[in-house]
Amino acid sequence: MRHILVVGAGGGLGQALVKHYLNEGVLVTAWSRREASFMHDNLNWRQLADYRQDQIEPELMHLNDLDGVISTLGMLHNDDFMPEKHLGAVNAAQLRHSFEVNTILPILLLQQLVSKLPRKQPAFWVQLSAKVGSITDNYLGGWYSYRASKAALNMLLKTASIELGRSHKQLVIAAVHPGTTDTELSAPFQERLPADKLYTPEQSAQRIAQVIENLTTEQSGKLLHWDGTELPY
Ligand SMILES: NC(=O)c1ccc[n+]([C@@H]2O[C@H](COP(=O)([O-])OP(=O)(O)OC[C@H]3O[C@@H](n4cnc5c(N)ncnc54)[C@H](OP(=O)(O)O)[C@@H]3O)[C@@H](O)[C@H]2O)c1
């Protein structure tokens, strides 16, 4: 049976991905700071206090025969911060927090989990990223912390893909842009979106799974759109 780990499983896309893979008959280990909202024979839901290394360490022994990992870890806004609309709104606390969640947690997660990824079989490491983290594609400006932390994330994943490509020849590391999806993260920014540009978590989970299904080792280190095409860094 295939075994996939979903990290950040309690969020909008995380929950939809867990359900998608369970419906496909996959064994799913789910890590979240939240409690499970449902049960399933093939679901191993693990509630973690947070994603710091000391919390992850004891979980590693439960992770055997992994085929892949999907990390949804990311933040755009919270009770303290909204995306910066202009330079004057940029501040150190928001930059630090965005980099902590969007950049530092994901790369340390990969560092800690790499020993659990097969060296000689196909495997994937997918981190949800964002098109707005593309430097080339930035035509609108704004959202300083989110853009910069996702751009840095993409660089870290690209760098890791080069190194791990030597030891894990069939591992594909990819940053995937899920498209604007109806979750808490996008909720404050949905008003001006045309209805056909806002996707349900189920739709996006299906598309992310499709991208994963079609991954090739040549795509390792890339930022991929939900339709499978490559986005520029
Ligand atoms: N929704 C969109 O329109 C959209 C568009 C482009 C990219 N994305 C990306 O897709 C990913 C998932 O987004 P989503 O829409 O599903 O958002 P979400 O519902 O807010 O989920 C984000 C996940 O990140 C984790 N997280 C958030 N803040 C954290 C913190 N301070 N410390 C530790 N973990 C934290 C949470 O894990 P727990 O399970 O532990 O709560 C949560 O499941 C994000 O990386 C986001 O940047 C989303």
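The values are calculated or read from the model by the stated rules, or taken from the named source; none is laboratory data. Keep in mind that what you see is a predicted model, and the values were worked out from it rather than measured. Heads up, the Cβs are rebuilt from the backbone with ideal geometry, glycines too, and the neighbour counts pull from every protein chain shown. Heavy atoms of the whole protein, side chains included, go into the accessibility calculation; ligands, DNA and RNA do not. Shrake-Rupley method; radii C 1.70, N 1.55, O 1.52, S 1.80 Å.
Annotations
- Scope the range 208-222; condition open to solvent by 50 Å² or more (accessible area, probe 1.4 Å) and outside any loop (DSSP other than H, G, I, E, B); matching residues: GLN210, GLU213, THR217, GLU218, LYS222
- Considering only residues in the range 223-233 that are open to solvent by 30 Å² or more (accessible area, probe 1.4 Å) and in contact (Cβ under 8 Å) with a residue 60 or more places away in the chain, the one that is nearest to the chain's Cα centre (by Cα) turns out to be HIS225.
- Selection within the range 9-31 - under 13 Å from GLY74 (Cα atoms) and either open to solvent by 10 Å² or more (accessible area, probe 1.4 Å) or more than 10 Å from the ligand (Cβ to nearest atom) (or both): GLY11, GLY12, LEU13
- Qualifying residue in the range 32-50 (condition: within 12 Å of the ligand (Cβ to nearest atom), open to solvent by 60 Å² or more (accessible area, probe 1.4 Å) and acidic (Asp, Glu)): yes
- Residues that are under 16 Å from LEU185 (Cβ atoms) number at least 1 in the following strands (runs of 3 or more DSSP E) confined to the range 1-94: 3-7, 27-32, 68-71.
- Condition met for SER129 (under 30 Å from LEU63 (Cβ atoms), within 15 Å of the ligand (Cβ to nearest atom) and touching a Lys or Arg at 6+ places or on another chain (Cβ under 9 Å)): yes
- GLN127 meets the conditions (1) in a helix (DSSP H, G or I); (2) closer than 19 Å to TYR21 by Cα; (3) open to solvent by less than 10 Å² (accessible area, probe 1.4 Å); (4) of a type outside the set (A, V, I, L, M) in every case but one. The failed one is (1).
- Some residue of the range 147-162 being part of a loop (DSSP other than H, G, I, E, B), of a type outside the set (Phe, Trp, Tyr) and away from the ligand (no atom under 12 Å from the Cβ): no
- Candidate set: the range 190-203, residues that are more than 15 Å from LYS19 (Cβ to Cβ) and open to solvent by 60 Å² or more (accessible area, probe 1.4 Å); chosen: the one nearest to the ligand (Cβ to nearest atom): LYS197
- Any pair with Cβ under 8 angstrom, 6 or more apart, that starts in the range 2-14 at a residue that is free of Cβ contacts under 8 Å to residues at least 24 places away in the same chain and ends at one that is of a type in the set (S, T, N, Q): none
- Filtered by the rule that a residue be under 19 Å from the mean Cα position of the chain (by Cα), surrounded by fewer than 18 Cβ atoms within 10 Å (Cβ to Cβ) and either at positive phi or near the ligand (Cβ under 10 Å from one of its atoms) (or both), the range 51-74 gives a lone residue, ARG52.
- Condition check for GLY141: away from the ligand (no atom under 16 Å from the Cβ) and farther than 19 Å from GLU163 by Cβ: yes
- Filter pass, LEU171 being within 21 Å of LEU66 (Cα to Cα), away from the ligand (no atom under 16 Å from the Cβ) and touching a helix residue (DSSP H, G or I) at 6+ places or on another chain (Cβ under 6 Å): yes
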